[in-house]
């Protein structure tokens, strides 16, 4: 009998990745030599509106994480952060001034002008 996974499998209702974001994450993972890796999306206290996003490239999920396959990549979210990112869309832009990863979060009730902090 197979042992249960130490993490859960989620779906795009938790977080969805656009093709542009997935392509960028794949490129970054391949550059780091870990094409089987994942993007970790976390929500931390701080920032001018109270909460801010933190994104890291990781080898994969750890215990209690939620793994979401989206756009051909794997996204991992810890259970606490999942409460804040549920329903979010992750996009990427090469725009010089407002480029980078952008999270569109339906749970955010206020954003700050820097675009990296929110409150829920």
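Just so you know, all these numbers are worked out from the coordinates, no wet-lab data involved. All values reported here derive from a predicted model rather than from experimental measurement.
Residue-normalised convex hull volume from the C-alpha trace of the range 47-112: 114 Å³ per residue.
Rounding to the nearest 10 and keeping the result within 0 to 90°, find how far the Cα-based axis of helix 19-31 lies from the longest principal axis of the chain. Tilt relative to the chain: about 60 degrees. For the chain, the mean residue ellipticity at 222 nm estimated from helices alone is -5000 deg cm²/dmol, where every DSSP H run of n ≥ 4 contributes -39500 (n - 2.57) and the total is divided by all residues, rounded to the nearest 500.
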